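What follows draws every value from the coordinates through simple rules; no lab data is involved. None of the values given here were measured: they were computed from a predicted structure. Positions of Cβ are backbone-derived with ideal geometry, glycine not excepted, and every protein chain shown enters the neighbour counts.
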Amino acid sequence: MEEDFSPLNEKEQLQTENDFIKMKLMLEKGAEFGSAGSEELSPELENIFLKNVMAFEEQFEQHKTIKVFDKIGRPGHFKPVNEIPDNDMGKAWDELRDYLNKYGLDLGVCSPYISTRELYRFTIEELFDHETDDMLLPGWTTNFIYDEFHPDPVYESEKAVKEDLFPALFKTAPVDEYFYCLHDQNILLNGKCYRERKDINAAFNRFKSLFSEMDLQKVIIDRCDVKSDSKTVVSGNYKVIATSITDKKEESFEGKFTIELRPDDLGYWSIKNMEIEAVNF
């Protein structure tokens, strides 16, 4: 049943409608709106936003799913990947991705080691058959990530070492329970076994507490070896300049490292064994 707001001027009518939709969302969906100091939207933009929220909630409750191939109109003009020459592959992938975008779908990838040929193959051979939410909203895009279907052990392992472990380890801010690049239990550090992640975090923080400043100058990965489906080994070298908190002297820590990673219970590659030269934890 539509509400009649005609006695009000256009702006008041829109604001009243917005208030009505917000009340409905708060009562039926438990939504919360506004906060002190927040920038207010114009009634026109707020109305568009609120109607999109309502449409999302209605479609989400229905929870309909559809195969990607059906959602994009069951196209028949995309060639099998083995029929596309290498020099045409870039153009073929761009056309396929643009076609997905027209239907509010997109495919991205995190690993730099995945080729456009593999993205094209994955899309027509696997993603087309994937079930997704059957939702259609203005400006709405469903984003798929290739790595979530086929995690790259080399990329994931190198990222855990270079972007998670070393930057967190060699800065003065303490690590906490959300330092997830480490395995949950029985982690080795320079030959010593720590039963739980919190124990090794405490060792890291004791080391950090000795310094007022820490400057990670380099982390170079020389290689990442995939030993099996459940083990990778990343090796390389690093250098850190740290300032002692007691005498303010600078110390240099540099040397080689070897990091062993294994998948955790959720399938993410996490650190199980560390050998880091020049540092006594």
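If we count other beta carbons within 10 Å of each Cβ, what is the order of H150, H183, fewest first?
Values: H150 12, H183 24.
Arranged by neighbour count, lowest to highest, H150, H183 become H150, H183.
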Can you sort L165, L119 by how many other beta carbons sit within 10 Å, fewest first? L119, L165
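Run through segment 103-164 and list the GluC sites (Glu not before Pro) located in a DSSP loop whose Cβ has at most 15 other Cβ atoms within 10 Å.
Numbers: sites: E118, E125, E126, E131, E148, E156, E158, E163; in loops: E126.
For GluC sites (Glu not before Pro) across segment 103-164 that sit outside H, G, I, E and B with at most 15 neighbouring Cβ atoms in 10 Å, the list reads E126.
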Using Cα centres only, tell me the gap between segment 101-169 and segment 219-281 in whole Å. 27 Å
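Tell me, in nm to one decimal, what length is gained between K67 and E10 on full extension, where the rule is 0.36 nm per residue of separation less the Cα-Cα distance? Show your work: numbers first, answer last.
On the way: separation 57, 0.36 × 57 = 20.52 nm, distance 4.26 nm.
Contour length minus Cα-Cα distance gives 16.3 nm.
Compute the relative contact order of segment 66-149 as a whole-number percentage, counting only Cα pairs closer than 8 Å that sit 6 or more residues apart in sequence.
Working: 72 pairs, mean separation 39.7, N = 84.
In percent, rounded to a whole number, it is 47.
Once R0 is set to 45 Å, what does the formula 1/(1 + (r/R0)^6) return for the Cβ-Cβ distance between N280 and E126, expressed as a FRET efficiency to the nearest 0.05? Could the numbers behind the result be given before it?
On the way: r = 48 Å, r/R0 = 1.08.
That pair, N280 with E126, gives E of 0.40.
If R₀ is 22 angstrom, what is the calculated FRET efficiency for the pair C110 and S42, using the beta carbon separation as r and rounding to 0.05?
Details: r = 37 Å, r/R0 = 1.68.
Efficiency, rounded to the nearest 0.05: 0.05.
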Quick calc of log₁₀ I(q)/I(0), segment 208-281, Debye, one scatterer on every Cα, no solvent, q values 0.16, 0.25 1/Å, result -0.67, -1.07
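Rank the residues L210, L216 as a footprinting-exposure proxy: fewest other Cβ atoms within 10 Å of their Cβ go first. Could you put the intermediate results ahead of the total?
Numbers: L210 14, L216 17.
Taking fewest neighbouring Cβ atoms as first place, the list is L210, L216.
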Once phi for every residue in segment 201-217 is put through the Karplus expression 6.51 cos²θ - 1.76 cosθ + 1.60 (θ = phi - 60°), the whole-Hz ³J(HN,Hα) values, with Gly and Pro written as x, are 4, 5, 5, 4, 5, 5, 5, 4, 5, 7, 10, 8, 9, 9, 10, 7, 8
In debye, nearest 20: dipole of segment 133-281 around its Cα centre with unit charges on the Cβ of K, R (+) and D, E (-)? 740 debye
Round to the nearest 0.05 the FRET efficiency obtained for Y103 and T246 when R0 = 51 Å and r is the Cβ-Cβ distance. 0.20
At most 13 other Cβ atoms within 10 Å and a DSSP loop assignment: could you name the GluC sites (Glu not before Pro) in segment 198-279 that fit? E277
Trypsin sites (Lys or Arg not before Pro) restricted to segment 204-280 and DSSP loop, no more than 14 other C-beta within 10 Å: K248, K249
Give me the one-decimal nm value for the distance between modelled label points at Y180 and D222, 7 Å along each residue's Cα-to-Cβ direction. 3.2 nm
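Residue separation times 0.36 nm, minus the C-alpha to C-alpha distance between M23 and C193: what's the value?
Details: separation 170, 0.36 × 170 = 61.20 nm, distance 5.59 nm.
This chain segment gains 55.6 nm when fully extended.
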